[in-house]
Amino acid sequence: FRTLDDLDPAGKRVLVRADLNVPMKDGQITDRTRIERLCPTIRELAEKGARVIVCSHFDRPKGKVVPSMSLKPLAEALATALGRPVAFADDCVGPQAEAAAAALKDGEVLLLENTRFHAGEEKNDPALAAGLAKLADVYVNDAFSAAHRAHASTEGVAHLLPSYAGRLMQAELEALDAALGNPNRPVLAIVGGSKVSTKLDLLGNLTGKVDILVIVGAMANTFLAAQGFAMGKSLQEAEMHDTARAILAEAKTRNCEIVLPTDLVVATEFKANAPSRTVPVDAVPADAMALDVGPDTVDAIESRLRNASTLVWNGPLGAFEIPPFDTATVALAQAVASLTQSAGLKSIAGGGDTVSALRHAGVLERMTYVSSAGGAFLEWLEGKTLPGVAVLETNSD
Ligand code: 3PG
């Protein structure tokens, strides 16, 4: 695919697909990471004299105008982050958007209203894509985190304009390629989270790509139960036992070592500071549930990490939102951060919970790369084609 290195944007109207779907609470932005990560692309384009037209979805208004899902507050937030003014248009297509785009001077920035206010966005309606294409001379997609959606502003419009990857899109793709595409080996993956059923494709793909797969979080309970351990009241999916055994068998044929917990932190209730204790996996009491992995498991992961060159991490080790069940996740996050800084480990993490967990552990900035994507990061790890990326690759000459 082409990047901003291949584009001379001076005097051109450049439509930038951003992902400004930021977390908000009571009208306040609670995390500005996506805004900050978008800035390099916009700044570079503006400094090179482009007329920058930014579009994005926000939340899920389902094709209707929902005032509480307006992108208007993001114009101000973006202006603050960029240190330059950002104009706003009340629609992403049509006369108002066209007039606002036409009024832009070289180096100026315009933000368009939520693309999902039009039903045609999620349907990838060619009419909406054409309306967007009409605003600009070229298209830059900087929304890796929305690239798993084949929508008018992420896919359709890229067929209609010369298309480029923005700097964030480029960084995400390069980091993911370093993790799984063409990685330094051995590669170790950590997959946590609550359900095997939602991560089946992920586990299936990873056993064929990585050398060591560590399965933690509540989904590990299902694997342990499938191997015959009594898991007490632990969260697990009884109907997935056969599947879990099949994944273990397949990993063996693919020479992928699977690491499961050997000790667990258990409690009889799931609440902050509930009395808890550490037990081996074969001694979970009938009235207790596993809420974290124990120190022996963390040691086992750490010792393998010391020999690994690349780490891909998706999903916390335990119920990290509630102390003390964040202990293993925090300990491992700190070990990963120091191996990344001192031993050259390439550590790549992504997914909403994982990012929160790393932030909670205070090591977000010390990883090699943390993806800003949730669903798109997972689909990429699952080996799926992301429509927003595929179109940049096919439409690159
Ligand atoms: C995300 O936050 O993961 C992206 O912005 C995609 O949002 P969506 O799941 O509503 O399509």
Filter pass, residue 42 being in contact with a strand residue (DSSP E or B) (Cβ under 6 Å, 6 or more places away or on another chain), part of a helix (DSSP H, G or I) and either within 26 Å of residue 375 (Cβ to Cβ) or of a type outside the set (Asp, Glu) (or both): yes
Of all residues in the stretch 1-29 being of a type in the set (S, T, N, Q) and in contact (Cβ under 8 Å) with a residue 12 or more places away in the chain, the one that is farthest from residue 162 (Cα to Cα): 21
Answer from 39, 55 - the residue that is in contact with a helix residue (DSSP H, G or I) (Cβ under 6 Å, 6 or more places away or on another chain), within 22 Å of residue 94 (Cβ to Cβ) and touching a residue at least 12 places away in the same chain (Cβ under 8 Å): 55
Failed item, numbered, when residue 206 is tested on (1) touching a residue at least 60 places away in the same chain (Cβ under 8 Å); (2) aliphatic (A, V, I, L, M); (3) within 18 Å of residue 281 (Cβ to Cβ): (3)
Filtered residues of the stretch 4-28 (kept if surrounded by fewer than 18 Cβ atoms within 10 Å (Cβ to Cβ) and of a type in the set (D, E, K, R)): 5, 6, 8, 25, 26
Filter pass, residue 302 being surrounded by fewer than 20 Cβ atoms within 10 Å (Cβ to Cβ), within 15 Å of the ligand (Cβ to nearest atom) and either among the aromatic types (Phe, Trp, Tyr) or not in a loop (DSSP other than H, G, I, E, B) (or both): no
Some residue of the stretch 328-349 being within 19 Å of the chain's Cα centre (by Cα), in contact (Cβ under 8 Å) with a residue 24 or more places away in the chain, within 16 Å of the ligand (Cβ to nearest atom) and within 13 Å of residue 147 (Cβ to Cβ): no
Residue satisfying condition, being closer than 26 Å to residue 327 by Cα, buried (at least 21 other Cβ atoms within 10 Å of the Cβ), among the β-branched types (Val, Ile, Thr) and in contact with a Leu (Cβ under 9 Å, 6 or more places away or on another chain), within set 258, 215: 215
Selection within the stretch 354-397 - within 14 Å of residue 312 (Cβ to Cβ), under 12 Å from the mean Cα position of the chain (by Cα), touching a residue at least 40 places away in the same chain (Cβ under 8 Å) and not in a helix (DSSP H, G or I): 369, 371, 373
Identity of the residue in the stretch 29-82, hydroxyl-bearing (Ser, Thr, Tyr), surrounded by fewer than 15 Cβ atoms within 10 Å (Cβ to Cβ) and away from the ligand (no atom under 13 Å from the Cβ), that ends up nearest to the chain's Cα centre (by Cα): 30
Residue in the stretch 289-301 that is touching a residue at least 40 places away in the same chain (Cβ under 8 Å), polar (S, T, N, Q) and farther than 17 Å from residue 215 by Cβ present: no
Residue match in the stretch 171-178 (condition: out of contact with any strand residue (DSSP E or B) (no Cβ under 9 Å at 6 or more places or on another chain), over 30 Å from residue 114 (Cβ atoms) and either without any contact (Cβ under 8 Å) to a residue 40 or more places away in the chain or buried (at least 24 other Cβ atoms within 10 Å of the Cβ) (or both)): yes
Candidate set: the stretch 364-390, residues that are within 14 Å of the ligand (Cβ to nearest atom) and of a type in the set (Ser, Thr, Tyr); chosen: the one surrounded by the most Cβ atoms within 10 Å (Cβ to Cβ): 371
Considering residues of the stretch 142-161 that are more than 13 Å from the ligand (Cβ to nearest atom) and in contact (Cβ under 8 Å) with a residue 60 or more places away in the chain only, the residue nearest to residue 13 (Cα to Cα): 161
Verdict on residue 124 being on the phi > 0 side of the Ramachandran plot and within 16 Å of the ligand (Cβ to nearest atom): yes
Hits in the stretch 9-28 (condition: within 16 Å of the ligand (Cβ to nearest atom), of a type outside the set (A, V, I, L, M, F, W, C) and closer than 18 Å to residue 88 by Cβ): 17, 19, 21
The one condition in (1) buried (at least 24 other Cβ atoms within 10 Å of the Cβ); (2) closer than 21 Å to residue 377 by Cβ; (3) among the small types (Gly, Ala, Ser) that residue 337 fails to fulfil: (1)
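No value in this document is a laboratory result; all are computed from the given coordinates. Not measured: the values here are computed from a predicted model. We place every Cβ from the backbone using ideal geometry, glycine too, and count neighbours over all the protein chains shown.
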